[in-house]
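Below is one structure; the comments refer to it alone.
The values are calculated or read from the model by the stated rules, or taken from the named source; none is laboratory data. What you see is a predicted model; the values in this text were computed from it and never measured. Glycine also receives a Cβ, built like all others from the backbone with ideal geometry; neighbour counts cover every protein chain displayed. Areas reflect the complete protein model, heavy atoms only, side chains present, ligands, DNA and RNA absent. Shrake-Rupley method; radii C 1.70, N 1.55, O 1.52, S 1.80 Å.
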Amino acid sequence: QVQLVESGGGLVQAGGSLRLSCAASGSISIINTMGWYRQAPGKQRDLVATITSSGVTNYPDSMKGRFTISRDNSKHTVYLQMNSLKADDTAVYYCNADILDYYTHIWNTYWGQGTQVTVSS
């Protein structure tokens with residue numbers, strides 16, 4: 001069984017910063033791409049950033065500049081540094097990861113339970 005657990009969300013004032021973490025655990029053989037998504041109330045889930053196992057990052061144009069994704073492969077953890085936060089960044093933030101299960105030898109995409117980020121204006 002594989003689990004992703006996010007942490008680091010909370011309430012922050014506009015202009016502030018937060019750092020989200022997402023740790024994968026369980027029967028992990030290989031972790032390929034990891035990513036962050038967000039979903040605001042009444043809206044679809046949008047991509048924030050992805051990072052490959054070798055550290056290649058990808059951001060949609062709308063997310064470039066204020067958000068930085070990184071990972072620590074030794075800890076099976078991905079991070080999202082968010083700076084200059086705006087009220088529009090308020091959402092539930094989800095991490096995901098493409099993981100090869102150690103026992104089943106099957107690749108799956110796993111999701112965390114989400115962490116709430118609220119930016120007050």
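A few remarks follow.
- Number of the condition not met by SER62 [criteria: (1) modelled with pLDDT of 95 or more; (2) of a type in the set (Ser, Thr, Tyr); (3) open to solvent by 60 Å² or more (accessible area, probe 1.4 Å)]: (1)
- Condition broken by LYS43, with the remaining ones in (1) in contact with a Gly (Cβ under 7 Å, 6 or more places away or on another chain); (2) over 14 Å from VAL5 (Cα atoms) satisfied: (1)
- Cβ pairs under 8 Å, 6+ apart, first in segment 57-84 and at negative phi, second charged (D, E, K, R) and in a loop (DSSP other than H, G, I, E, B): MET82/ARG66; ASN83/ARG66
- Flag if LEU80 is open to solvent by less than 30 Å² (accessible area, probe 1.4 Å) and either farther than 23 Å from SER120 by Cα or in contact with a Leu (Cβ under 6 Å, 6 or more places away or on another chain) (or both): yes
- Counted as qualifying within segment 56-121 are the strands (runs of 3 or more DSSP E) with 2 or more residues that are closer than 15 Å to ALA24 by Cβ, namely 67-72, 77-82, 91-101, 107-111.
- Count - residues of segment 90-109 that are among the polar types (S, T, N, Q), open to solvent by 30 Å² or more (accessible area, probe 1.4 Å) and closer than 20 Å to THR68 by Cβ: 1
- Those residues of segment 1-46 which are among the aliphatic types (A, V, I, L, M), under 25 Å from ASP61 (Cα atoms) and open to solvent by less than 50 Å² (accessible area, probe 1.4 Å), in sequence order: VAL12, LEU18, LEU20, MET34, ALA40
- The residue list ALA40, ALA23 contains one member that is in contact (Cβ under 8 Å) with a residue 12 or more places away in the chain, under 12 Å from CYS95 (Cα atoms) and among the aliphatic types (A, V, I, L, M), which is ALA23.
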